[in-house]
1. Tell me the relative contact order for chain C as a rounded percent, counting alpha carbon contacts under 8 Å between residues six or more apart.
2. Collect residues whose amide H, placed 1.01 Å from N in the peptide plane, falls under 5 Å from the amide H of residue C:9; neighbours closer than 5 in sequence don't count.
3. Using modelled amide H (1.01 Å from N, peptide plane; none on Pro or chain starts), what sits under 5 Å from the amide H of residue C:183, excluding residues fewer than 5 places away?
4. Which FRET efficiency value, to the nearest 0.05, do you get for residue B:7 and residue C:674 by plugging their Cβ-Cβ distance into 1/(1 + (r/R0)^6) with R0 = 51 Å?
5. Label-point separation (nm) for residue B:158 and residue C:433, each offset 7 Å from Cα along Cα-to-Cβ?
6. At 0.36 nm per residue, and after removing the present C-alpha to C-alpha distance, how many nm does the segment from residue C:199 to residue C:63 gain when stretched out fully?
7. Could you name the lysines whose alpha carbon sits less than 23 Å from that of residue C:83, not counting residues in the same chain fewer than 8 places away?
8. Which whole number gives the average, over all residues in B:9-22, of C-beta atoms from other chains lying within 10 Å of the residue C-beta?
Amino acid sequence: MVPVSYYLVISGILFALGAAGVMIRRNALVVFMSVELMLNAGNLAFVAFARMHNTYSGQLFVFFVMTVAAAEVAVGLALIVTIFRTKNSINVDQMNSLKG
Amino acid sequence: MTMDMFVFLVLALIAIASAVGMLVSRNGIYAALFLVMNFMTVAIFYLLLGAPFIALAQVTVYAGAIMVLFLFVIMLLGAEKLAPTTTLPYQRYAAYVLGGLLLVELGYWVWRGALTGVILPPPSEYNAMAGIQGMSKLLFSKYLLPFEVTSILLLVAMIGAIVLTIKQKGGRG
Amino acid sequence: MLMETTSGLFFSLVPLIVFLPVIGLLINITFGGRLGEKVVGTIASLAVGGAFSVSLLLAYSLSVHHEAVIVPFAEWIHIGTLKLDWAFRVDTLSVLMMLVVSGVGMLIHIYAIGYMHEDVRFKGDVKRFRRFFVFLNLFIAMMMILVSGDSYMMLFVGWEGVGLCSFLLIGFWYDMDTLGRPSFANSNAAKKAFITNRVGDFGFILAAFIMFWAFGSFQFDQVFAKVPEIAVTAPWVIVAVTLLMVVGVAGKSAQIPLFVWLPDAMAGPTPVSALIHAATMVTAGVYLIVRSAPLFSVNHSVQYFVATLGAATALFAATIAAGQYDIKKVLAYSTISQLGFMVAAAGMGAYVAATFHLATHAFFKALLFLDAGSIILGMERGHHHLAHHNPHGAGAGGHEEHEGAHEEVFDPGDMRNMGGLRDKMKMSYWLYLIGALALAGIFPLAGFWSKDEILLDAYKNFPIVYWMLVVAAFFTAFYMGRQIWMVFFGKPRTEVAAHAVESPKVMTIPLMILASLSIIGGFLNMATILGFTLPGSHLLTVWLGHTLGEVEAGELNLIVAGLSTIFAVAAIYFSWLIYGRNPLAAGQPDPLKKPLGPVFFGMEHKWFIDEAYQFLFINPYRSASKFLADKVDWAFWHDWFHDKVIAGGYNWISKVLLNEYVDQRGIDAFANGVGSGTKRLSTMMRVWQNGYVRTYALTVLVGVVAILGYLLLK
């Protein structure tokens, strides 16, 4: 008996928190984790809508999102490791070679 | 207040709290663990929404694989506390403001959308098997192409990860 | 144009009268340098002789077919209603003129071969021989166009052409004076002739314009056909046209007030004086009046005016002639005087008399001029003779003796240097005598008959004119007598005269022909004497009557003839009393000086007309043009307007205005401004790219919020 909008609100809150996290945290890994949080929030909205319309397509999409998220995490973490090897730090503020 | 409403509220609370906790915790490990709790909560949400397979996938893939990977890397790189910084002083406030704005906007959208749908508790026929059957039917017919492409994507990601981190002979990787 | 009845006649040959001389001059121009003097002269003379032969054929044709024949030659100007064509008009008047011009012209060409042969050697430029004959042929061609034209415009073409040739020929020795020294005298004389003629031409042009405006055409027949009508509707038009034409006549035929060029024109070689200024060109004005007879006959006041003008000119010029010392100047003023007779006759309406006198005057005046040339050359030969055989002799400096110590200049034309030439130059003496008697009007030479007819007409209709002409005739006889006594009688006044040499046959034979014509010329229009008709009686009257309409036949009036003969003989007697009885000795002043005092002074100095013109017209004109040139053109226009205003303005526009303000401050500033502005902008915006990932994330989030807001609020 829970209205869909409640789920969506939750999803929205989680999304906003994730966005804030991306902006606030300086630890690269935590930033990454905030991104995962945002993706999750999106997944939640998908599933809520799928339930609302009584279709599986939303769930399938979540399936794909998860797959992509997994791949992305793999590559992203490899990147962070590589960067750590060169810069010896995971502070995003120190990764400012694009300055100019 | 029905049962599912109650459950929903409790879970929502936990989800948001854990998210906030992830945001504020200084220690990386703590942050990761908080996120794991969030994922769990969301998995239960999925169950409530009648998507058992997705709930499963959430627990297995997200909480089980991705977060573990995260923890590995955190421990590899050292979850040291970062010193407070002087760069970008305005960032926090901007983040809060924008976050709040975003929230307001999304809320407004939802409110204006006037969604009339109501989530019912999952019907009995939404057992695991029926859900998975339905999903896989859809997966292998309508969404076959994305499925195949996803497999290539995973392959590429694997190769990418290896290429990025491999140590060259006699030099840095 | 009646071709059917004119078959077998020679009318279509008429273009040759123009083109034979043209061919002659073209041959001489192209090949003359290689041909040698005799050939060049012969070709030129043959060309004119050819024109003369064609004129004879035309005269024969006209004697068979009396009416005028128009031979169209070429289309010239066709604009709107103006249709000007080059057509030849063969009628009795034009053929008469053609005969006179080409006949006398031919004789003068032959004479000129001999004369120029000596003259180019005297002046020192042998190569100019050919040019002379080219110009002479050009003159004949132009004169032929004048007399054979079928419209006033064609007449004017020839009119202008002979003016040009007159300029070319008077100024033939343009860089030296008569004695061969470097000078502008000849070119000034040529300029004077041309400019004075131009004033006359101006009158002619105005007359032509009014004529076209009123009559709608220039062609003779068309104009004359409309005269009766216009005389009634707008008589002032005819008065204006005729008076303006008289201005042109005054210029070309040397009447008052435009006669001043003719005496100066004696600066040209003597054949030029003979051909152009005695026989042909100056008579163009008389021809014009005779041709325009229908126009002149309409208005009696105009006729009176023209007659008086002619008579006044005749008298005026005759007085001047009696005071001149240069042999050619006497003849020049005599020409002006005789032209006055002709113009007076034409003005009175005695067209036949005018034309008759034109023809006889051509004969004896050409004779006189050529003979004067012969005498001058004789003097020059004497001079040369002296210089060569008597290097320390009394002969003063000449052309080859300049580097010598003698600076005196010897003028071979001055009658005071002559004297006693009767013995040295017999042939020239007899020929000159014939010419002088003909000019004086002594019976039975040609001049008597023609002058008498004029006097007769004046006596009958215009008494004042008659008496003026009689006095002029008196003076004519007087100055010719004076000339004969001074030149041929007495003792030679200088060594040169004592050694004068006669001229070669090539020069004297044409003179003899002219002298014969002067003797028998009267038979051209013999009057009936006391009821007896002689051969040639009224020949010209009838001949010209075909063109001019009804003409009165002249009868010998004993009173008039007697009076004129008495006066002429008396004048010669007077001249003998003064000059012949006690011939002038060397250095003696003219015997008339003391008795006549200031009058003779005026006669000597041409009554100061040239000086008056200089004062009245030429000096103000010069000052005006100086003013315009120096002040208006240079100071105002060039210095100020051009340099300061236009050039300076332009410079200011380009340097200050466009360069500084527009280009530098405007365009450059703008271009540079864009660049520096972009730099400043990018420097400002560079701050955005601080390299921090978090800033980029912030930017993304801002964008998302903004877009969402926009979508929501839409």
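1. Computed over chain C, the figure is 11 percent.
2. It is none; the list stays empty.
3. C:176, C:177
4. 0.20
5. Reported label-point gap for residue B:158 and residue C:433 is 15.6 nm.
6. So the extension gain works out to 45.1 nm.
7. C:226
8. Partner Cβ neighbours, averaged per residue: 4.
Coordinate-derived values only; no laboratory data. Note that this is a predicted model, so its numbers are computed, not measured. Note that each Cβ is placed from the backbone with ideal geometry, even for glycine, and that neighbours are counted across all protein chains shown.
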